[in-house]
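Some notes on the structure that comes next.
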Amino acid sequence: LREECGVSGWTLLQFLGDAVLVPAGAPHQVQSLTGTISVEQRFLSLENAAHLRDHSTHPQLRAQLDGMIFSAVREAVGVLRGCK
């Protein structure tokens, strides 16, 4: 990738208790040196969810995104009501 696109990688040695944040859209790979348990959390912003929903033709995905957007809006309205 360095020769073709000018992209170079980093090596990170992670120890017990360390957490690593990989920014959205950043390509990455993992090589485990010992047996490990991986805990992963994915995040989808409301802006991206709305964009994805608008361009999706899959009914189940659209319904899931509608639910996510509705829940976030309902929560935001509740917070705003509490800020009187």
Check your understanding: Among the residues of the stretch 64-84, how many are open to solvent by less than 60 Å² (accessible area, probe 1.4 Å) and either of a type in the set (Gly, Ala, Ser) or at pLDDT 85 or above (or both)?
Key -> 5
Practice item. Give the residue that is farthest from ARG74 (Cα to Cα), with candidates limited to residues of the stretch 1-56 that are open to solvent by 100 Å² or more (accessible area, probe 1.4 Å) and part of a helix (DSSP H, G or I). Key: GLU3
**Study point:** Subset of the stretch 31-48 (residues that are farther than 20 Å from GLN14 by Cα and among the hydroxyl-bearing types (Ser, Thr, Tyr))
**Key:** SER45
Review point. Taking the condition open to solvent by 100 Å² or more (accessible area, probe 1.4 Å) and either free of Cβ contacts under 8 Å to residues at least 12 places away in the same chain or not in a loop (DSSP other than H, G, I, E, B) (or both), does LEU61 pass?
Key: no
Practice item. Looking only at the stretch 33-53, count how many residues are touching a helix residue (DSSP H, G or I) at 6+ places or on another chain (Cβ under 9 Å) and farther than 30 Å from GLY17 by Cα. Key: 5
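The values are calculated or read from the model by the stated rules, or taken from the named source; none is laboratory data. Since this is a predicted model, take the numbers as computed values, not measurements. A quick note on method: Cβ atoms are made from the backbone with ideal geometry, for glycine too, and the neighbour counts reach across all protein chains shown. The protein model used for the area step is the full one, side chains on, heavy atoms only, and it has no ligands, DNA or RNA in it. Shrake-Rupley method; radii C 1.70, N 1.55, O 1.52, S 1.80 Å.
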